[in-house]
Amino acid sequence: MFHVSSPINGHPAAGQGSSMHGRTVLVVHAHPDDEAIFTGVTIRRLADAGARVVLVTATLGDLGQARTPLRAGETLVQRRTSELEQAAELLGVARLVLLGRRDSGLPGSIDNLHPDALAAADAELIAVRLAELVEAEGAEAVIHDDDAGIYGHPDHVAVNRIGARAAGLAGVTSYQTTVDRDHLHDARPHLVHAAARATALPFGVARSEVGLALAATPSELAAKRAAIAAHASQIGPAELAHASFDDAYGYEWYLRTGGAGILDDLATGPAVTRPAVLATAP
Ligand SMILES: [Zn+2]
């Protein structure tokens, strides 16, 4: 069942640069916080260029643990929903769509078998619904996890299957979110390091396999940092304050299936300032 939230009005995308006005992208993620961690710079840049970004979040991360106290009567799902809405607004998302699936556990966990778990869902059914959303929105590309789910989490693997299939059904370009593991070998820590330790699987792809990399401008990186910080129930300040933050989070990486599309334009388009080379964080 699709739950469609109200449009977020915080960042009217047009105005700062309208080179991508009228163009739309669907960004699909497994959990609240993935949009900020893996695609925050990309979403902010798309929005700043005038594109409409529709963010689809498949679960509300119900299996996470709250690092910050919940209010009386507040559930973790309520907290994570409001954090997600805040992050989406900071990134300039135009519409947030919640699929309402249950979080799955780590590989092999019994939680993967729960009937509502994303990992146990009928991927074809969800892909068909997403393809309908692509068509209804007139989206020209779908962004989703890579084949291995970036670091092997069953929900991220499911998002790969669903996103790739939806793009195929709708006949649009598909961009797979990944990470450059060679870069992150040097620029650490990144949250994916701890995530990959939890799944005990390798993460990302080798640098030579990366199809497209975006480097953040300082303001895009600031928006990404704020969006990650919005997920305070999951991510503490120490994880954002380390010296390698800019180097670890200042880049986003993709593999492409299909013809060159909007992210290629974003990386090279004349209306978007060429990314500045990042200085080392103080
Ligand atoms: Zn995730």
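Listed values, structure above:
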| quantity | calculated |
| --- | --- |
| Qualifying positions in the stretch 49-68 - more than 13 Å from the ligand (Cβ to nearest atom) and either surrounded by 24 or more Cβ atoms within 10 Å (Cβ to Cβ) or in a loop (DSSP other than H, G, I, E, B) (or both) | 49, 50, 51, 53, 55, 56, 65, 66, 67, 68 |
| Cross-chain or 6+ apart pairs with Cβ under 9 Å, the stretch 28-42 first and of a type in the set (Gly, Ala, Ser), then part of a helix (DSSP H, G or I) and within 9 Å of the ligand (Cβ to nearest atom) | 30/149; 30/155; 30/156; 30/159 |
| Candidate set from the stretch 175-213 (those that are in contact with a Lys or Arg (Cβ under 7 Å, 6 or more places away or on another chain) and under 19 Å from residue 261 (Cβ atoms)); member that is surrounded by the most Cβ atoms within 10 Å (Cβ to Cβ) | 175 |
| Unique match (being within 17 Å of residue 29 (Cα to Cα) and touching a Pro at 6+ places or on another chain (Cβ under 8 Å)) among 119, 158 | 119 |
| Residues of the stretch 156-193 that turn out to be part of a helix (DSSP H, G or I), within 16 Å of the ligand (Cβ to nearest atom) and at pLDDT 95 or above, as a count | 8 |
| Filter pass, residue 147 being farther than 23 Å from residue 239 by Cα, within 16 Å of the ligand (Cβ to nearest atom) and in a loop (DSSP other than H, G, I, E, B) | yes |
| Residue match in the stretch 205-224 (condition: among the hydrophobic types (A, V, I, L, M, F, W, C) and closer than 19 Å to residue 31 by Cβ) | no |
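Residue-by-condition table, conditions (1) at pLDDT below 90; (2) within 30 Å of residue 140 (Cα to Cα):
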| residue | (1), (2) |
| --- | --- |
| 57 | no, yes |
| 61 | yes, yes |
| 67 | no, no |
| 89 | no, yes |
| 111 | yes, no |
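The values are calculated or read from the model by the stated rules, or taken from the named source; none is laboratory data. Computed from a predicted structure; not experimentally measured. Because the Cβ atoms are built from the backbone with ideal geometry, glycine has one as well, and the counts that use them run over all protein chains shown.
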